[in-house]
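Remarks on the structure that follows.
Bear in mind that the values in this text are calculations on the coordinates, not laboratory data. All figures in this text were calculated on a predicted structure; none of them were measured in a lab. Every residue, glycine among them, receives a Cβ derived from its backbone with ideal geometry; neighbour counts consider all protein chains shown.
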Protein chains: 2
Amino acid sequence: MDGRLLRGERSRGAILDAAVGLATEAGLDGLSLSQLAQRLGVSKSGLFAHWASKEDLQLAVIDQARLQWVDRIVSPALRQPRGVRRLWAAHETRIAFYAEGLLPGGCFFANAQFEFDARPGVVRDRLAEAFAEWLALLERLAAEAIEAGELPAGTDPAQLAFEVNAAGVAAVLHSRLLDPADTFARARHAVLRRLRDLTTDPTLLPEA
Amino acid sequence: MDGRLLRGERSRGAILDAAVGLATEAGLDGLSLSQLAQRLGVSKSGLFAHWASKEDLQLAVIDQARLQWVDRIVSPALRQPRGVRRLWAAHETRIAFYAEGLLPGGCFFANAQFEFDARPGVVRDRLAEAFAEWLALLERLAAEAIEAGELPAGTDPAQLAFEVNAAGVAAVLHSRLLDPADTFARARHAVLRRLRDLTTDPTLLPEA
DNA sequence: CCTACCGATCGGTAGG
DNA sequence: CCTACCGATCGGTAGG
């Protein structure tokens, strides 16, 4: 095995996983093709063999991060029973994912969305789409909890989705600048207290 | 007036104000000295006459943004009566500042903090210091509302500060990727409802 | 404050 | 997939 074969085995997916991690540190735009190639032990033109331009790579990186988000956060939450428990699980798995520290530079999406929210183009549009999809999921889970009679009929699902997401976004920022353990406890507590205040059946949720 | 004099009149403060705005679009690191010089109509070395390096400029830009934050958000809030009204005002003036759209690329601090939270150094440290200062202010305002008997004695001021700030951070991100007007209404509503639920005297706050 | 320049690095291409 | 190269731009410096 002379290294070429080994490098040849690096799949598109393995390159993209490395790129997601690097993007959390250097930024999705700060991510340079030379740096990424060097970290992977391939040449820059090896990357151009997969993606025609840096922008194409950025879009592929976003898609990879979406797969990761679904795998690590959405899917585990959906294994919980429909209703307020599933909404709570969506927040909890997210905080657990952050606390695990898999990505070296924090949340890929929070970083990239703040980075690109003033730069019109296809990258920003893709990020906005991912964000809208996540919020729509939270809103759907809230609506299902209302339908199940576990949250009051007058609850606004979109407002609740905003509040749950707010605790998640703040958890990333807060944890990376100040004390992480305190932060994650506060981010969990904020949503748990809110849901326990609202729910018609507090026994469905852990103690605050 | 031959232009040189006019350019010469550009004070340090005027350069820094332009830099704060440019940094919200390009990032505090993406901010290039050439671009800033070009926008101001001076040469690059004109900037080096004020700051010895890009990092020095970045620190000065952060300090300028802190002055702006105090002037536009903290000071107006402190003109409200001590207690739950002042805590509410701190959130409201912040959202109003965002809604006004003075900075072309959103919130300087949210952008810069996400950009630098994985890049150790003096810039990150200065941003973390500004963040801690803001949270300490919110916590102090919450503690004062408790002392004044306007919030229940058992309230955790740091937890409440986390929640108020979370709504603010989420307001920036959300407003720049989706509908701004909806977002600001939700960000106001989230905190107002929380404070009205907690307070011993709801007449101190606007209707939810 | 200016012009003119430095080496390093960027995204991207040519040719194999 | 590789090496070798392109023009553009970066932060920073020299000399005035």
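Key figures for this structure:
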read-out	value
Shortest-first nm distances, B:V70 label point to equivalent points in other copies (7 Å, Cα→Cβ)	4.9
For the range B:53-204, convex hull volume per residue from C-alpha positions, Å³	110
Shape box of the range B:98-138 [Cα atoms, principal axes, largest first, Å]	32, 23, 12
Cβ neighbours within 10 Å from other chains - mean over B:181-191	3
A:R72 paired with A:D56, simple spin-label distance in nm, labels 7 Å along Cα-to-beta-carbon	2.7
Computed helical MRE - 222 nm, the protein assembly as shown, DSSP H runs ≥ 4 contributing -39500 (n - 2.57), nearest 500	-22500 deg cm²/dmol
Charge sum, other residues only, whose C-beta stays under 15 Å from A:P76's C-beta, Lys/Arg counted +1 and Asp/Glu -1	+3
FRET efficiency, 1/(1 + (r/R0)^6) with R0 45 Å, evaluated for B:R39 and A:F48 via beta carbons	0.85
Copy-to-copy label separations for A:R140, where each label sits 7 Å from Cα toward Cβ, in nm and ascending	4.6
Whichever lysines have a C-alpha closer than 23 Å to that of A:K54, once near sequence neighbours (fewer than 8 apart) are set aside	A:K44
Test item: A:167-173 mean partner chain Cβ contacts at 10 Å	6
Semi-axis lengths (Å, descending) of the ellipsoid that matches the C-alpha gyration tensor of the protein assembly as shown	36, 32, 17
Cα→Cβ-extended label distance, 7 Å offset, between A:D201 and B:R79, nm	5.2
